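All remarks here apply to the structure that follows.
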Amino acid sequence: MADQTVSEPLEQEGLRRPVVVGMGMMAFAMLLLPIMDALAKTLSTQYNVTAGQTTFGRFAVQACLFFPVIVFLSGWRGLIPKHIGINLLRGALMGTAVMLFFAALKYMPIADALAVFFLEPFILTVLSALVLRETVGWRRWAACIVGFAGAMLILRPGLEVFGPVSLMPIGTAFLFAVYLLLTRRFAGNDNPMAMQFISGIGGVLALGFWVILATTLGVDDFASTSIPEFGIRWGLIFAIGAIATIGHLMVVMAFARVSASVLAPFQYLEIVMATLLGYWLFAEFPDGQRWLGIFIIIASGIYLFNRERKTGTG
């Protein structure tokens, strides 16, 4: 009887440990990834490296770092997923989304751009209803509308000052939502490691195309410019790719341990870290109206996640 009494707390602790570790990994990733955004903004504002170049470098480094990990864990066969075309498309969508976001960072405060990007869960809800024919109740539709209103509070001054550039984070959110939609549709039928590697290759190919096209058309924010052979620029690009690799591996490992509904609210730690970095590095700090918009998006998103966790139907 005494042994059973002692073993029950030990069993409970053993069950809780993966959850605690997973939440720690997710929190670490969300605090790490905004550093990548700050480095991208530094490259564009201080070192004249375009968003196209930075994003191409990010995905190239990520693919190079990810390659030996997959071969070591899964062998050469682990590099090839079943749905190569779909995963190349996923990579192209992700690469284009990140490029738009990095371009927006040149002109917008990091916290503002990231807060607007968090429209992604609401866009994904709309696309799930329209494309996957999932049932979406009125509460989830209301959360989408309220979240969009919060984004407009953030963007309204931005539209006056920056024009169409302020819409880039919305483009990022839309493309990322489509990326997640494809991931949701095909993830159960394929090797996750292979999916990530091939989608990384797709990102490199897409970004190479965008950089060449932008250079030909003279679109400065995405075109190719000369970068010194050695120096801090290359170091920062490598750091961006390394942070992306580590951060996303942490996210994958966290989701392997904890359900998505528990981890989803941790994503808003990104805004906290982005605000701190923006204030420290670029003297950016949201004003009252922007804080209200950020709060509305966070509150709507947390409501949406909790609703999904409780009912799964909206």
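The values are calculated or read from the model by the stated rules, or taken from the named source; none is laboratory data. Every value quoted in this text rests on a predicted model; they were computed, and no experiment measured them. Here Cβ is always computed from backbone atoms with ideal geometry, including for glycine, and neighbour counts include all displayed protein chains. Side chains are part of the model used for accessible areas, which takes the heavy atoms of the whole protein and leaves out ligands, DNA and RNA. Shrake-Rupley method; radii C 1.70, N 1.55, O 1.52, S 1.80 Å.
Please go through segment 206-220 and give me each residue that is closer than 16 Å to ARG58 by Cα and out of contact with any Phe, Trp or Tyr (no Cβ under 9 Å at 6 or more places or on another chain), ordered by number. Across segment 206-220, the qualifying residue is only PHE209.
Evaluation of GLU120 against the conditions (1) at pLDDT below 75; (2) open to solvent by less than 20 Å² (accessible area, probe 1.4 Å); (3) within 30 Å of ILE70 (Cα to Cα) shows that the sole unmet condition is (1).
Across segment 74-90, the number of residues qualifying as more than 19 Å from LEU175 (Cβ to Cβ) and in a helix (DSSP H, G or I) comes to 6.
Among residues of segment 58-73 that are assigned to a helix (DSSP H, G or I), those with a Cβ under 7 angstrom from a residue that is open to solvent by 70 Å² or more (accessible area, probe 1.4 Å), sequence gap 6+ or separate chain, pair up as VAL61/PHE238. Tallying residues that are over 18 Å from GLN46 (Cβ atoms), open to solvent by 60 Å² or more (accessible area, probe 1.4 Å) and among the small types (Gly, Ala, Ser) within segment 196-251 yields 1.
Screening the candidates LEU269, LEU276, LEU281, LEU263 for the property of being part of a helix (DSSP H, G or I), over 21 Å from the mean Cα position of the chain (by Cα) and modelled with pLDDT of 70 or more yields one hit, LEU281.
The set of residues in segment 210-251 that are at pLDDT below 75 and outside any loop (DSSP other than H, G, I, E, B) is empty. Filtering segment 48-73 to residues that are surrounded by 16 or more Cβ atoms within 10 Å (Cβ to Cβ), of a type outside the set (Val, Ile, Thr) and at pLDDT below 90 leaves GLN62, ALA63, LEU65, PHE66.
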